[in-house]
Every structure is written in C-alpha cells, then in structure tokens.
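A short reminder: the numbers here are calculations on the coordinates, not readings from a lab. Only a predicted model underlies this, so the values are computations on that prediction, with no experimental measurement involved. Cβ coordinates were reconstructed from backbone atoms using ideal geometry, including for glycine residues, and neighbour counts include every protein chain displayed.
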Amino acid sequence: MRPAMDAFRCLGFPEDALSKLLVIEMGVLLLSPDRISEIFENLKALGLGVSDRGFIYGIRAFCRLSRETWLRKVALYRSFGMSEGEFRMAIKIQPTIVCFSYESIKKKLRFFLDVLKLELSDVMGRPVIMGYSLEKSIIPRCAVLSVLRRERKIEPDIKLINVLLGSTKMFSEKYVLRYAQDVPDVVKAYGGKIKFEGFRDRDDLVPLKQ
C-alpha cells in the first residue's frame, strides 16, 4: 500500500484528492507505481490535469481497465462516428463512460441515435446520459413524452436531452402528475405498461428536438 501512496504523491496528486479517491476506490492501493504512472500519462494525454475534477474519476475508470479493454471501448465509440476530439472532450467531462460494458455502450448509443434520432454530438456533449439506465429511466420517460405528444399536450420542440437528464422529481411533477387525471395513459407509460415505439405524428416518426 505504501508504494502506491508514495507514487501518487510523487506525481503531484493533491492530498485532499487522494483522500477522496480512497473513499471511492480503495483498490488503487494495490496498483504498482508503474501502473499509476501509466494511468496519469493516459489521463494527461486526454487533456485532464491532476487538479481537474474529473481526474479522480479518470483514475477510478482506468484502474479497472486493461489497455486492451480501453482500446476496444475507444474503438467502439469511434465506430459511431465520434472524432478523437469529441471523445477526448466527453471523457474529460465524464471519465466513467468507459466503465460501462461493451454491450451497454453499444445498446445505449443505438437507442439514442437510431430510435431517438439524436445527434452524436448532442449525446457526447452531455456524456453523463451514458450512465442512465434505458429500462429504468430513459425509456419510461420517452414513453410518457410520446403519450403527451400524441395527445398534443406538449410541443415537438422541447429539448429532449434536458428532459431525459432532469431529476426524477422534476420529471414526475412536470410530465406525469400534472397530466395524470387528464391523460391517464401517462401513468401507465411511466410504469412500463405502454411500450415506447418512437415519437410519432400520424404515421411519421418525428424526433423531438434536442
């Protein structure tokens, strides 16, 4: 454990940041000094500095990944058309986007891009959304919005990303409880009893604006 602590200090990692890191990831104490140096180099190459807020979470993410797994996940994100610059920015904002399983990343990106018709730049501009559960959060909200869209209770130009990322309390109050009596289907949709099949206007799929 002592070699790891010494390595962090030698690399200029602040004591308060080290304390926070140990709270969320005690496993870093088992890393070799060489591995710690490698992680620091990788994070700095992505544009993260030791004083950046995301650096701690970057260490947490990297210490769980082998180089092979890291490269595979980078390749997956890039396969959706993401530029190197976009990836660097996304991981700087939310380092944990590489912690999700290969299948989870692919499934979420397919849903955001193919079903919701969002732009990749919009999704990666708010990369925290990659941590949201499709089944428990994103899809139920989309089902509610689809019902409200069908009933002409909301306009198609709402900012979809903002709605999907809002708190559970905010969404429930603004889109479920508010319309529960007038449009009972919103309660069913939020509870998963009405399947979400895209935003439709008559027979045409209409994506809500980002």
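Decide, for region 2-63, between rounded, prolate and oblate: order the square roots of the alpha carbon gyration tensor eigenvalues as a ≥ b ≥ c, take rounded if a/c falls under 1.5, and otherwise choose prolate if a/b is larger than b/c, else oblate.
Details: a/c = 1.38, a/b = 1.18, b/c = 1.17.
Judged from the Cα gyration tensor, region 2-63 comes out rounded (a/c under 1.5).
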Exercise. Taking the chain as a Gaussian network, Cα atoms linked when under 10 Å apart, which of 171, 87, 55 shows the biggest mean-square fluctuation?
Worked result: 171
Seminar exercise, completed: Under the Karplus relation with 6.51, -1.76 and 1.60 and θ = phi - 60°, whole-Hz ³J(HN,Hα) for region 116-124, x at Gly and Pro, equal 7, 6, 7, 7, 4, 5, 6, 5, 6
Exercise. For labels at residue 41 and residue 74 in the simple 7 Å Cα→Cβ model, what's the distance in nm?
Worked result: 1.3 nm
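Assuming a ≥ b ≥ c are the square roots of the Cα gyration tensor eigenvalues, decide whether region 134-205 counts as rounded (a/c under 1.5), prolate (otherwise, with a/b larger than b/c) or oblate. Spell out each step's value before the answer.
Working: a/c = 1.27, a/b = 1.16, b/c = 1.09.
Judged from the Cα gyration tensor, region 134-205 comes out rounded (a/c under 1.5).
Shape of region 1-124 from its Cα gyration tensor (a ≥ b ≥ c, root eigenvalues): rounded if a/c is under 1.5, otherwise prolate when a/b > b/c, or oblate? Please report the intermediate quantities before stating the final value.
Values: a/c = 2.42, a/b = 2.16, b/c = 1.12.
Since a/c reaches 1.5 and a/b is larger than b/c, the shape of region 1-124 is classed as prolate.
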Problem set entry | Alpha-carbon Rg/Rh ratio, for the chain, with Rh computed the Kirkwood way | 1.08
Exercise. Helix 15-24: angle to the longest alpha-carbon principal axis of the chain, degrees 0 to 90, nearest 10?
Worked result: 60 degrees
Exercise. Which whole-number percent gives the relative contact order of the chain, counting Cα pairs below 8 Å spaced six or more residues apart?
Worked result: 16 percent
Seminar exercise, completed: If one compares the long axis through the Cα atoms of helix 53-63 with the longest principal axis of the Cα atoms of the chain, the angle in degrees, nearest 10, works out at 80 degrees
Exercise. Cross-link partners among lysines for residue 174, C-alpha distance below 26 Å, same-chain residues fewer than 8 apart left out?
Worked result: 108, 117, 136, 153, 159, 188, 193, 195, 209
For this session: Enumerate the aspartates and glutamates that residue 107 could reach by cross-link, defined here as Cα to Cα under 14 Å, with residues fewer than 8 away along the same chain left out.
Result: 135
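Would you list 60, 67 from fewest to most Cβ contacts within 10 Å?
On the way: 60 18, 67 10.
So the residues, fewest neighbours to most, are 67, 60.
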Seminar exercise, completed: Contact order relative to length for region 2-63, counting C-alpha pairs under 8 Å separated by 6 or more residues, stands in percent at 41 percent
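Tell me, in nm to one decimal, what length is gained between residue 20 and residue 84 on full extension, where the rule is 0.36 nm per residue of separation less the Cα-Cα distance?
Values: separation 64, 0.36 × 64 = 23.04 nm, distance 2.95 nm.
Result: 20.1 nm gained on full extension.
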